[in-house]
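The structure under discussion appears below in the form of structure tokens.
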Amino acid sequence: MAVHAGVYARQSSARGNKSEISTVTQREAGTEEAEKRNADSITQYEDLGISAFTGDERPDFDRLLKDCREGRINLIIVYYISRLSRMDTLDAIPIVTELLNLGVTIVSVTEGEFRRGNLMDLIHLIMRLDQAFGESKNKSNAVSNAKNKARALGGYVGGKPPYGFRFKELTVTGDDGKPIVIQLLEPDDFEFGVIADIWRTIKRHKDTPYIPGPSRKHPGSLTGICKTMNATGVPTRGQTTGKETKDSAWDPKTVMRVLRDPRIAGFSATPIYKRDEGGRLTSQIEGYRIDRDPETMEPIEKYKAAIPPAEWYELQEWLDGRGQGKGLSRGQALLSAMDKLHCDCGAVMTSSRTENPHKASYRCRRRKILPGQHEGECTISQKGLDEFVARRIFAVIATAEDDPDTADILAEAARRYAVQNERPELLGERRSLLAERADAKQTLEFLYDREEAGDYDDPVGRRRFLKRKARLVESMESLEGRIAALEESATPRLPIHLWLAPDAPEVDPIGEGSWWESASVAERRELVDIFIDDVVVRKSPEKGRGSPAETRATIEFARPGEDEE
């Protein structure tokens, strides 16, 4: 009978200290065993970085089972039986029994052969499976208990220290009187210096106009900062920690992740990890929850800060605006840098740069003509459209008190102005509180769903349900109180007296001596931003001639409820 061997190797993680037999060694030993048995064919299967205890999917193990069921493999070779399974013995027995009934012989290089029809082989195999499961369960429990103890004593159990920090070991006494060594985070002076330098660079250049061009990077952008650090030899964490990562380089995603961490501002914070499609937690960080005092809801400050808390919130606001056309001052065109200018075909309009400001225009950036859209180009005078939009805004400001139809525009502008001028630390805190409130509400709804499903019908379950519900309700009430206090403190009045001359409307609101005439492009954009949601431009009906902006442009003013956070 032909022998078709399947050599299966598995390792739960690539160990830096080589404490576990590598899959390479397992495959070599398995292949050598197959050759000793004169196998007619040898197929290798490998699952690296996957545990056989957790029940996670093992692609190559599943492929091996499939090949056995289809008759392509009749000899399985593993280094240890534990490579095959560390699952609960009752879950593992049906799998190995099926394999044996299929006529598959299972061989462990270190523990012998297990064949169909030999009762003692089956008993020994079950004993080895039970031993493997017991070892993993004990190890898992020991690790969980150790982490829980360390966490309760203030230790860090999140794996590698985040960038900007290093480990400091501390021996403390546990409840049982025995000494326990825990790891604490403490600032790394060099890495804190790198973080502070990055923020200084962003602050210095974040308002510098961006002039696009081939191979041109803005010095205050994350990409530009990474390019500079790589060129000047600022070492990454990987370059300073080991041979395998000695060639690593700075990239914008890494810098973004570092700058998002509240711990660099001195806050105590808990990482929030992403879940995969099956709902299992992954090792990828989705965000952070700043730890707060349960009574005052104030952030808990635990570390020295690389970036002062108030400036860290300012940094978060800047990072929130990152993206194509965001976060940097993009030239002197008023509307094209704000994502508020569109052609009626749906495409965005961008500025067409020219040395003569009177000839500058906004141009449709459409890539492909679709049915019903305009033929040819759609352009409009930049100066004409800017003035039309500005005059419409000032007309609303001047008549809002006498016109009920525009009162809601003024109300929404006041709200946006409050957000726009809110201190960065208060804005960041409010956003964090809103996220925590949403999380608490979602958890409470999940709790109610489980109660309706009858999960808490017994006395113990009911008691736990009521206790957890009370804790969530109390947390939500505290969050609501703090959010209301912040909203109340952030309600400045619109500075209409600054925008309009005292003797308006006789004075031209955008003419000589007006606020608009002396305002910077950034200040003008701020005014447009609080009043306008969108400007849509239609193609001129007259070939070769441009029609006035008021005949081609439609302005959508901001109204309450359209831009709520």
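Filtering the range 162-183 to residues that are modelled with pLDDT of 85 or more and either within 26 Å of the chain's Cα centre (by Cα) or farther than 30 Å from ALA265 by Cβ (or both) leaves PRO162, TYR163, GLY164, PHE165, ARG166, PHE167. Listed by position, the helices (runs of 4 or more DSSP H) enclosed by the range 468-546 that each have at least 2 residues that are at pLDDT 80 or above, surrounded by fewer than 16 Cβ atoms within 10 Å (Cβ to Cβ) and under 33 Å from the mean Cα position of the chain (by Cα) are 521-531.
If you go through the range 357-382 and keep only what is closer than 23 Å to VAL521 by Cα and either touching a strand residue (DSSP E or B) at 6+ places or on another chain (Cβ under 9 Å) or assigned to a loop (DSSP other than H, G, I, E, B) (or both), you end up with HIS358, LYS359, ALA360, SER361, TYR362, ARG363, CYS364, ARG365, THR379, ILE380, SER381, GLN382. When ALA39, ALA5, ALA34, ALA9 are checked against the criterion of being among the small types (Gly, Ala, Ser), modelled with pLDDT of 90 or more and assigned to a strand (DSSP E or B), ALA5 stands alone in meeting it. Residues in the range 317-335 that are part of a loop (DSSP other than H, G, I, E, B) and modelled with pLDDT of 80 or more: ALA333, LEU334, LEU335. When ALA411 is tested against the conditions (1) at pLDDT below 80; (2) in a helix (DSSP H, G or I), the lone failure is (1).
For the structure I just gave you, tell me whether LEU434 is out of contact with any Gly (no Cβ under 9 Å at 6 or more places or on another chain), within 30 Å of ALA470 (Cα to Cα), part of a helix (DSSP H, G or I) and at pLDDT 70 or above. Talk me through it step by step, then tell me what you get.
Working: out of contact with any Gly (no Cβ under 9 Å at 6 or more places or on another chain): yes; within 30 Å of ALA470 (Cα to Cα): yes; part of a helix (DSSP H, G or I): yes; at pLDDT 70 or above: yes.
For LEU434, the condition - out of contact with any Gly (no Cβ under 9 Å at 6 or more places or on another chain), within 30 Å of ALA470 (Cα to Cα), part of a helix (DSSP H, G or I) and at pLDDT 70 or above - is met.
Checked against (1) within 26 Å of ARG430 (Cβ to Cβ); (2) of a type in the set (Asp, Glu); (3) modelled with pLDDT of 75 or more, ASP344 meets all criteria but (1).
Is there a residue being modelled with pLDDT of 90 or more, surrounded by fewer than 14 Cβ atoms within 10 Å (Cβ to Cβ) and within 20 Å of ALA305 (Cα to Cα) anywhere in the range 199-212? Full working, then the answer.
Taking the range 199-212 and keeping what is modelled with pLDDT of 90 or more, we get 199-202.
When the remaining residues are screened for being surrounded by fewer than 14 Cβ atoms within 10 Å (Cβ to Cβ), the result is 200.
Checking which are within 20 Å of ALA305 (Cα to Cα) leaves us with 200.
Yes, some residue in the range 199-212 is modelled with pLDDT of 90 or more, surrounded by fewer than 14 Cβ atoms within 10 Å (Cβ to Cβ) and within 20 Å of ALA305 (Cα to Cα).
The values are calculated or read from the model by the stated rules, or taken from the named source; none is laboratory data. Predicted model, so just to flag it, every value in this text is computed and none were measured. So basically every Cβ, Gly included, is an ideal-geometry build from the backbone, and we count neighbours across all protein chains shown.
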